[in-house]
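Before any comments, here is the structure.
The values are calculated or read from the model by the stated rules, or taken from the named source; none is laboratory data. This is a predicted model, so every value here is computed, not measured. Note that each Cβ is placed from the backbone with ideal geometry, even for glycine, and that neighbours are counted across all protein chains shown. Heavy atoms of the whole protein, side chains included, go into the accessibility calculation; ligands, DNA and RNA do not. Shrake-Rupley method; radii C 1.70, N 1.55, O 1.52, S 1.80 Å.
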Amino acid sequence: MEHTANRADGDIIQDFLSVAALLEEPQLAQLYAYLSQEGEATVQDVMDDLEFAQGTAYSYVNRLVDAGVVDITNDEQPRKYTALEIDLTVTTAAGDREYTITPALIDAVGRRETNADIDTYIDRHGVAGLATALIYAVARERGEVTHRLMAEDLDISPLAAEMILQALRPVVHEHLVCTFRKSAVKT
């Protein structure tokens, strides 16, 4: 779902709306993140691994296919599905900030229902705030920043910074490992 200059504006708008749906519904985000990490899965895999009811699993998979963020990779039964790569950058109306929506951010949003710290952070700072915290979480894992520096930069308490950094740590590790694996396969 990468964008090029020759794509129709309608396609870009539809892509944005599809991604926005993922950020609004944690279970859709969780399913997208699962398919992104697994590479390929059946609805039965989704039911087993995510503990979704059968109707929910089929409904969500179909919604993601219709949204254009998941593709059917095998038409034979059982069908297999894979997540399409999302790399969408949104600029604020004032033009002062850019946010890149990546599978890692979608994964973090998907954890909202199971992680109280992520849920609270989104309630207080929104998904844009979570995107910023995710950037700090990556930088922290690389040893480039501390929770105190993040707290000072974002004008939040050091405790709040530490809590969200800890909550995002598994997301960062899973996506850094996933990115490393994909780049190792390409070379």
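How fast does the stretch 25-87 diffuse by Stokes-Einstein, in µm²/s, taking the Kirkwood radius from C-alpha pairs at 37 °C and 0.692 mPa s?
This corresponds to a translational diffusion coefficient of 290 µm²/s.
Taking the Cα centre of the chain as the origin, how large is its charge dipole in debye, to the nearest 20, when only Lys and Arg (+1) and Asp and Glu (-1) carry charge on their Cβ atoms?
For the chain, the charge dipole is close to 380 debye.
Just report the Cα centroid separation between the stretch 104-174 and the stretch 14-45, whole Å.
One Cα centre to the other: 20 Å.
When the helix-only estimate is applied to the chain (DSSP H runs of n ≥ 4, each -39,500 (n - 2.57), divided by the residue count), what is the mean residue ellipticity at 222 nm, nearest 500 deg cm²/dmol?
After summing the helix terms and dividing by residue count, I get -21500 deg cm²/dmol.
Relative to the longest principal axis of the chain, what angle (0 to 90°, nearest 10) does the C-alpha long axis of helix 158-186 take?
The answer is roughly 40 degrees.
Between (i) 18.0; (ii) 16.4; (iii) 17.5, which entry matches Kirkwood radius over Cα pairs in Å as derived from the coordinates of this structure?
The listed entry that was calculated here is (iii).
Share of the stretch 51-131's accessible area from carbon and sulfur, percent, 1.4 Å?
Answer for the stretch 51-131: carbon and sulfur cover 41 percent of the accessible area.
List the relative contact order of the chain as a percent without decimals, with contacts defined as Cα pairs under 8 Å and 6+ residues apart.
19
Mind checking the dipole of the stretch 35-84: about its Cα centre, +1 per Lys or Arg Cβ, -1 per Asp or Glu Cβ, Debye to the nearest 20?
Here the stretch 35-84 has a charge dipole of around 180 debye.
Sort 164-173, 87-96, 49-58 by packing, meaning the average of other beta carbons within 10 Å per residue, with the highest value first.
Ranked by mean Cβ neighbours within 10 Å, highest first: 164-173, 49-58, 87-96.
For the stretch 32-153, what is the accessible area per residue in Å² when the probe is 1.4 Å?
With the other protein chains kept in place, the stretch 32-153 gives 53 Å² per residue.
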